[in-house]
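> Structure in structure tokens, see below.
The values are calculated or read from the model by the stated rules, or taken from the named source; none is laboratory data. This is a predicted model, so every value here is computed, not measured. Note that we place each Cβ from the backbone using ideal geometry, even for glycine, and neighbour counts take in every protein chain shown. We work out accessible area using only protein heavy atoms, side chains counted, and drop any ligands, DNA or RNA first. Shrake-Rupley method; radii C 1.70, N 1.55, O 1.52, S 1.80 Å.
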Amino acid sequence: MNGRSDRPAIAVSHLTKSHRRRGAVVHALQDVSFSVAAGEAVALVGPNGAGKSSLLRVLAGLSTPDHGSVEIAGHGLPQQAAQAVLGLGCLVDRPGLLGGLSGHANLEVIARRHGLGGRPVTTLLERCGLDRSAWGRPVSGYSLGMRQRLGLAVALLGSPSTLLLDEPTTGIDVAGTGWLRSVLEEHVAGGGSLLLASHHLEEVERVCGSTIVLAEGRVRSTGSLAAIRAATRLAHELHPTGAVEAAAAILRAAGWLVRAHPTHLELDLTPSEAGAVSLVLAAHGIGTTRLASSEALLSRLIATDER
Amino acid sequence: MKHRPSLAALVAAEWTRVRCRPVVGRLPLLLGAATGGSAALLFAGGIDLHAAQQLDAVSGTVAMALVVLSFGIGAATVQDTFTSGTAATDHALVGRRRAELVAQQVGAAAWLAVLGLAVQLGLATGFVLGHAAQRGAAISAGAWQHAVVLAMPRTVAAAALAGGLGASTVQLTRSAPAALGALATCLLVLDGLVATLAPAAVGLILPDHLFALGKGSTTGLAAADWSVTSSSVAAVLGVVAVAGVAALVEGARDLP
């Protein structure tokens, strides 16, 4: 690994980035601040257009911040980009590969450029699960999933201490997703850091201990996903066995904010509160045929600060 | 662990990239076509290899075509790095944008020098074969030397510079069609217009100098009053200037 463990793997402070799209100014990132410690795996989640890719592009040195500072292992960007990238492995946007060259040759060109020789190429191709028969075929004939696997091999070349991955499972099948998870877990277990962007909370939950929720270019919330999940009230649909109005009255009397519908009730509940609601109704002889969340956690996290 | 790549390592990677271009990657085919084409031309056209002017005309025409082709290949190679995402991937790995851009220019120029060499070699071989078929005798040493020793270095230099110029122009414009449009405008519109309206500004038409360098003559070009030597120097300086500006401008921009 190539990290300087006394400093954060990634440190972002008051980062702002705008760009022009069809004549209009788009504020891609606004006052974004966070850090990723050495050996930490952090998920960057948010809907499409939240600013995840813009943030990763700045961290990879592909675009320059308008304001704020970005450091990779203590190296400021863009001034010290050449030092910063030595410990960085990236899969941002799509993997940029030479279509006329084989998968093996593509990796070899990059490895040679960095003085790594040919040995890591074979090891990585084996590790990234690319079928051996495809190694010598031109990349132009690869499927999206095969290109993605090769892009991950490029990112892993030279055993970087920090990985920046943008939607790495795009085009990868179920088996590939499992393989990717094991690669990332191995990376983190070995002391490496990870910033993984995705719009699927469930996808990143098993690998990342912390989460940054990004929406409209701003950080909406940060922390461990389990803690966020436990503390976030999601809309729940409750179908009582008795009269809906009677159940609503009991819950309102107990202090819940209840929205009554002809056939069911709707309440905003944390997972622990959901259990308590059932108990309160049961104490009044009312059972529940159904109590389930109808809202995705990510949607609620994004909406919370807009209220 | 990755090491900081040297400029030579960056150029080597760019060399590989240009080698993958469809035209350049089929170099043996191109060599065969140049040989066959020139032999057929010589045989059918009844070109007299002992008349230096006729020989010059053939190799000059080929050199001019090669300048345009090299410009296009250099331009397309850089355009590809933007559209395929390799420019972004490379930068995320290397982190030295201006060095990456210079390496692109040099890598393209180096490979297109090889292309120029192959085409001119094919031409010379074609002369030999054509002459043998036409006259039933070997070509004279003088004519062979003229084709190989004099024309080849000029063509190689012109092809390399044109490739570097094509690469640089796309780095500036980020569009191969725009770069090719600029070249076409220079050759088809500006060339005649400047020569008529502002003859003093003729020296600014860079493609003309590349043509002059390639064909070894300024006859028929807007820069007809220039010597071949001064036109060649202008070609080198002009391409280096454009390349430098391109590296500075594109190096300061966000990657697409």
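> For the range A:7-25, indicate whether the set of residues that are open to solvent by 50 Å² or more (accessible area, probe 1.4 Å) and under 21 Å from B:G95 (Cα atoms) is non-empty.
yes
> Let me spell it out: the conditions are (1) closer than 30 Å to B:T83 by Cα; (2) open to solvent by less than 20 Å² (accessible area, probe 1.4 Å); (3) not in a helix (DSSP H, G or I), and B:D254 meets all of them except one. Which number is the exception?
(2)
> For the range A:78-89, give me each residue that is at the interface with chain B (Cβ under 9 Å from one of its Cβ atoms) and open to solvent by 20 Å² or more (accessible area, probe 1.4 Å).
A:P78, A:Q80, A:Q83, A:L86
> While we're looking at this one, here's another question. Of the residues that sit in the range B:20-36 and are modelled with pLDDT of 75 or more and either open to solvent by 30 Å² or more (accessible area, probe 1.4 Å) or not in a helix (DSSP H, G or I) (or both), which one is farthest from the other protein chains (Cβ to nearest Cβ)?
B:G36
> Could you please let me know if B:A200 is open to solvent by less than 50 Å² (accessible area, probe 1.4 Å) and either modelled with pLDDT under 90 or not hydroxyl-bearing (S, T, Y) (or both)?
no
> For the range B:203-217, which residues satisfy the criterion of being of a type in the set (A, V, I, L, M, F, W, C) and surrounded by fewer than 19 Cβ atoms within 10 Å (Cβ to Cβ)?
B:L204 - this is the single residue of the range B:203-217 that is of a type in the set (A, V, I, L, M, F, W, C) and surrounded by fewer than 19 Cβ atoms within 10 Å (Cβ to Cβ).
> Any residue in the range A:92-103 that's more than 7 Å from every other protein chain (Cβ to nearest Cβ): show its pairings with residues that are open to solvent by 20 Å² or more (accessible area, probe 1.4 Å) and among the aliphatic types (A, V, I, L, M) at Cβ separation under 9 Å, as long as the two are six or more apart or on different chains.
A:G103/A:M146
> Please determine whether any residue of the range B:91-102 is more than 22 Å from A:A60 (Cβ to Cβ), open to solvent by 50 Å² or more (accessible area, probe 1.4 Å) and at pLDDT 75 or above.
No, the range B:91-102 contains no residue that is more than 22 Å from A:A60 (Cβ to Cβ), open to solvent by 50 Å² or more (accessible area, probe 1.4 Å) and at pLDDT 75 or above.
> Where in the range A:191-307 are the strands (runs of 3 or more DSSP E), entirely inside, with at least 3 residues that are in contact (Cβ under 8 Å) with a residue 12 or more places away in the chain and aliphatic (A, V, I, L, M)?
Of the strands (runs of 3 or more DSSP E) lying wholly inside the range A:191-307, those with at least 3 residues that are in contact (Cβ under 8 Å) with a residue 12 or more places away in the chain and aliphatic (A, V, I, L, M) span A:193-198, A:210-215, A:234-240, A:265-269.
> Does A:D131 fit the bill of being within 7 Å of chain B (Cβ to nearest Cβ) and open to solvent by 10 Å² or more (accessible area, probe 1.4 Å)?
Criteria not met by A:D131.
> Kindly indicate the residue of the range B:74-90 that is surrounded by fewer than 24 Cβ atoms within 10 Å (Cβ to Cβ) and polar (S, T, N, Q) and also farthest from the other protein chains (Cβ to nearest Cβ) among those meeting that condition.
This residue is B:Q79.
> Which one is surrounded by the most Cβ atoms within 10 Å (Cβ to Cβ), of the residues in the range B:152-183 that are among the small types (G, A, S), more than 15 Å from the chain's Cα centre (by Cα) and in a helix (DSSP H, G or I)?
B:A176
> Run A:S69 past the list (1) of a type outside the set (F, W, Y); (2) open to solvent by 30 Å² or more (accessible area, probe 1.4 Å); (3) touching a helix residue (DSSP H, G or I) at 6+ places or on another chain (Cβ under 9 Å) and report the number of the one that doesn't hold.
It is condition (3) that A:S69 fails.
> Using the structure shown, decide if A:L164 is modelled with pLDDT of 90 or more and in a strand (DSSP E or B).
Criteria met by A:L164.
> Can you tell me which of A:T241, A:T263, A:T270 is in contact with a Gly (Cβ under 6 Å, 6 or more places away or on another chain) and not hydrophobic (A, V, I, L, M, F, W, C)?
A:T241
> Further, regarding this structure: Going by what's in this entry, would A:P138 be described as closer than 30 Å to A:S35 by Cα and touching a Ser or Thr at 6+ places or on another chain (Cβ under 7 Å)?
Judged against the criteria, A:P138 is not a match.
> Follow-up. All but one of (1) out of contact with any His (no Cβ under 9 Å at 6 or more places or on another chain); (2) within 20 Å of A:L297 (Cα to Cα) hold for A:E167, so report the exception by its number.
For A:E167, the exception is condition (1).
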